[in-house]
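Student: Handing you a structure now.
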Amino acid sequence: MQYAIAYALSSAAGLRAIFALAVASLAVHAGWFHPPAHLAWLDAWPITIALLVLAAIELLADKVPLLDHSLHVAQTVLKPVIAAILVAGSLHGLPGPALVSLTILGALNALGIHAAAASGRGLSTTFTGGFGNPIVSLLEDVAALGLSVLAFLTPWLAAMLALLVGAIAVRVLVGVRRTLFAKARANVGD
């Protein structure tokens, strides 16, 4: 079950990093999540409140043109780091090398989902002039909320949904690649 929680949380962090960490902190207070001692800070109310405020800023800033782009650039580093924290906090009793390997995989998972979301946002901007971006952002919010909450309530369902998010991410990346190559070929032919 801990692997399902780790995978779902790393996927959620790839969409909304601070939001996923805030939900994990709330889950600690609810007794649903028991991170190791080095992550005991998640159980401090001042930290939880700060994370909730930052998560609200993250959610709102992602709806503002230009600000959303700056946020995505900054979160290229932040999302994998938070995913690594969440994975390390979810997995217990593993030998050091296994924990490090799975933590790196969680960070890479978040980075891949972030890259796909950014690519999807680029497609949305291309095809809607940016007017579709708030809708895409809202869909990302819903997916991040669903994955974060379900990670603690029904971890296996959350992991399956995270696989679906990953499959969609791959499809978006392939679509972006095809679109870019098609445009490049069309420009060469002109």
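Student: In the stretch 73-82, what residues are among the aliphatic types (A, V, I, L, M) and surrounded by 23 or more Cβ atoms within 10 Å (Cβ to Cβ)?
Tutor: First pass over the stretch 73-82, keeping only residues among the aliphatic types (A, V, I, L, M): 73-74, 77-78, 81-82.
I82, the sole residue that qualifies.
Student: Can you work out which of the residues in the stretch 91-136 that are hydroxyl-bearing (S, T, Y) and modelled with pLDDT of 90 or more is surrounded by the most Cβ atoms within 10 Å (Cβ to Cβ)? Outline the logic, then answer.
Tutor: Step one: list which residues in the stretch 91-136 are hydroxyl-bearing (S, T, Y), which gives 101, 103, 119, 124-126, 128.
If we keep only those that are modelled with pLDDT of 90 or more too, we end up with 101, 103.
Numbers: S101: 12, T103: 23.
Per the stated criteria, the residue is T103.
Student: May I ask you to list the residues in the stretch 1-29 that are surrounded by fewer than 22 Cβ atoms within 10 Å (Cβ to Cβ) and in contact (Cβ under 8 Å) with a residue 40 or more places away in the chain?
Tutor: Hits for the stretch 1-29 are M1, Q2, Y3, A4, A27.
Student: Another question, if that's okay. Got a sec? Which helices (runs of 4 or more DSSP H) wholly within the stretch 92-190 have at least 1 residues that are touching a Lys or Arg at 6+ places or on another chain (Cβ under 6 Å)? First the steps, then the outcome.
Tutor: On the way: elements: 96-128, 133-153, 155-189.
Counting at least 1 such residues, we get 96-128, 133-153.
Student: Would a scan of the stretch 131-138 turn up a residue that is of a type in the set (S, T, Y) and within 15 Å of A110 (Cα to Cα)? Walk me through how you get there before you give the answer.
Tutor: Here is the first cut: in the stretch 131-138, the residues of a type in the set (S, T, Y) are 137.
Adding the requirement that they be within 15 Å of A110 (Cα to Cα) leaves none.
No: the stretch 131-138 contains no residue that is of a type in the set (S, T, Y) and within 15 Å of A110 (Cα to Cα).
Student: Pairs only if they're at least six apart or on different chains, beta carbon under 8 angstrom, first in the stretch 32-61 and farther than 27 Å from M1 by Cβ, second crowded, with 16+ Cβ neighbours inside 10 Å and charged (D, E, K, R); list them, first residue then second.
Tutor: Partner pairs satisfying both residue conditions: E58/R16; L59/R16; L59/D141; A61/D68.
Student: Here is a follow-up. Go through (1) touching a helix residue (DSSP H, G or I) at 6+ places or on another chain (Cβ under 6 Å); (2) surrounded by 21 or more Cβ atoms within 10 Å (Cβ to Cβ) and name the single condition I85 misses.
Tutor: (1)
The values are calculated or read from the model by the stated rules, or taken from the named source; none is laboratory data. Just so it is clear, the structure is predicted and the values come from calculations on it, not from any experiment. Heads up, the Cβs are rebuilt from the backbone with ideal geometry, glycines too, and the neighbour counts pull from every protein chain shown.
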